[in-house]
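The values are calculated or read from the model by the stated rules, or taken from the named source; none is laboratory data. Predicted, not measured: the structure shown is a model, and the values here were computed from it. Note that each Cβ is placed from the backbone with ideal geometry, even for glycine, and that neighbours are counted across all protein chains shown.
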Amino acid sequence: MRRTDPFSPLSLMTAFFVGGVLLPVYPFLNQEDGFTQFWQFTFSDRFNAALQAVLGYSLVMLCFVIAYMAIVGSHIKSPSPSKMLRCLGFKSRHLPLSFYILGAIATSGLLLTIHLQGGFEEALVAASDRTRASAGMNFIVLLQNAYLSVGLAWALMLTNGKSRMSRASVMLFLFYVLVSISIIALQGAKATIFVYILALAMVWHYRVRLFSAWKLLIFGVFLFVLLMIYHVIKQEYLVLGHFAFTAYGDTVLSAFLKFLFLQFTGNMMQLQTMAVLMDAMPNQMQFEYGQTLLMMFLIWIPSAIYPAKPLTAPGVFTMAFWPAAWLNEGTTLPPGFFGEMYMNFGWFGLVAGGLVAGFLYGLSYRAVRSRPDCDLTLGRHALFVSLLLHYFRGEAASVTVLFLTIYLPFWLTIKLSATRLLVTRTVS
């Protein structure tokens, strides 16, 4: 019997469907969820909108499974004959020069960002309002993502091969990971920290020791709690000078548990955002017919050069229903990639989005199961799968930018420093 891989895209997609679509149904219908608390919207028929949202995401899951299994399932049933092939991987345990070069580039971006924001204390405060604080210098801030590229490449270098890792090399690596996470935390982006940690966990999973499903669940809960602690520090303590979440309960513990519930149902809110779209379109908002998807290409053009650059899907979504949130606070609400597909093409967009996502993640998973010893293949897959949640709850353009700003430096250091290894193509 083949053991289920809890880190497979299909397993994670199923978990996100349960957490973001099915679990919020009851609190959403009773208006007790975080989305309803933070984003006021008057539904013409809340129950019907929720029902259509569940049906819409069920259709997405069906299309995802069909495309995914068409790629992965056929490969397992009819595997390619075992043969030797060459791929890029680290052979030496010594830190290559490219690590230092990328680290220097990332540090330059960090120092320049702090300088432009007015100093270290101002940079700390800016973490609570990163949309406005980073306006006009996003490309400088994104240079810091090279820290993540080095960390991912370093993890692959340590775990490639049969030789035992020395304690000193592991301790040095862990120290680097902690420092780089602390630096990335200055950006104020929980998403980037989440991607970094999850990608490293996947390298451990495929190279060192497999995670079981229950261990992955515990890991996910623990990571969520840590990210929420970071959230209250940067969003409340740095802004107000005290913690505001304590107003949710009589004791600190009860208040924090209520805060965790509201944050979970205010972040895993694919049911709610899709329900808004199902209820409001096309009467309150017209279909975009692919305009927001063009931002995957236009987003790279600085606003100073292209002032009339369109909004991304979160901007369009927020301006349509909660314009004050954007105009007064600089805050946007992401519709989710599949919500964005519905914004553009309706039900056809849900079908197309599910098929495309299943196809791409199926290709990536098939590649890594065939070539687990290839650092470039495993690193790309770990990063791509780590972003699955952000595609699920975010949108196409910004998440793709995050992927490329981490992957391209990672790809460069692999190309410059890794050697061609002779490995056997396998299917497991």
Going residue by residue through the stretch 361-376, is there one that turns out to be under 15 Å from the mean Cα position of the chain (by Cα), over 14 Å from Ser149 (Cβ atoms) and crowded, with 21+ Cβ neighbours inside 10 Å? yes
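Test Phe337 against the criterion of being surrounded by 21 or more Cβ atoms within 10 Å (Cβ to Cβ) and among the hydrophobic types (A, V, I, L, M, F, W, C), and give yes or no.
On the way: surrounded by 21 or more Cβ atoms within 10 Å (Cβ to Cβ): yes; among the hydrophobic types (A, V, I, L, M, F, W, C): yes.
Considered against the rule, which asks whether it is surrounded by 21 or more Cβ atoms within 10 Å (Cβ to Cβ) and among the hydrophobic types (A, V, I, L, M, F, W, C), Phe337 comes out as yes.
Could you tell me which residue of the stretch 177-213 is nearest to Leu383 (Cα to Cα), considering only residues that are among the polar types (S, T, N, Q) and in a helix (DSSP H, G or I)? It would help to see each step written out before you state the result.
Let us first name the residues in the stretch 177-213 that are among the polar types (S, T, N, Q), namely 180, 182, 187, 192, 212.
If we keep only those that are in a helix (DSSP H, G or I) too, we end up with 180, 182, 192.
Working: Ser180: 16, Ser182: 19, Thr192: 11 Å.
For the stretch 177-213, the residue satisfying everything is Thr192.
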Among the residues of the stretch 91-123 satisfying the criterion of being touching a Ser or Thr at 6+ places or on another chain (Cβ under 7 Å) and not in a helix (DSSP H, G or I), which is farthest from Asp373 (Cα to Cα)? Pro96
Sole exception among (1) modelled with pLDDT of 95 or more; (2) surrounded by 19 or more Cβ atoms within 10 Å (Cβ to Cβ) for Leu402, by number: (1)
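Looking at Ile218, Ile301, which is the one that is free of Cβ contacts under 8 Å to residues at least 12 places away in the same chain, among the aliphatic types (A, V, I, L, M) and farther than 30 Å from Leu378 by Cα?
Details: Ile218 fails: farther than 30 Å from Leu378 by Cα.
On inspection, the qualifying residue turns out to be Ile301.
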Checked the stretch 227-254 for anything within 22 Å of the chain's Cα centre (by Cα) and either acidic (Asp, Glu) or surrounded by 14 or more Cβ atoms within 10 Å (Cβ to Cβ) (or both); matches are Leu227, Met228, Tyr230, His231, Val232, Ile233, Lys234, Gln235
Breaking point among (1) farther than 24 Å from Gly20 by Cα; (2) modelled with pLDDT of 85 or more, for Gly315: (1)
Looking only at helices (runs of 4 or more DSSP H) that fall completely inside the stretch 1-73, which ones have 3 or more residues that are surrounded by fewer than 19 Cβ atoms within 10 Å (Cβ to Cβ) and more than 21 Å from the chain's Cα centre (by Cα)? 25-29
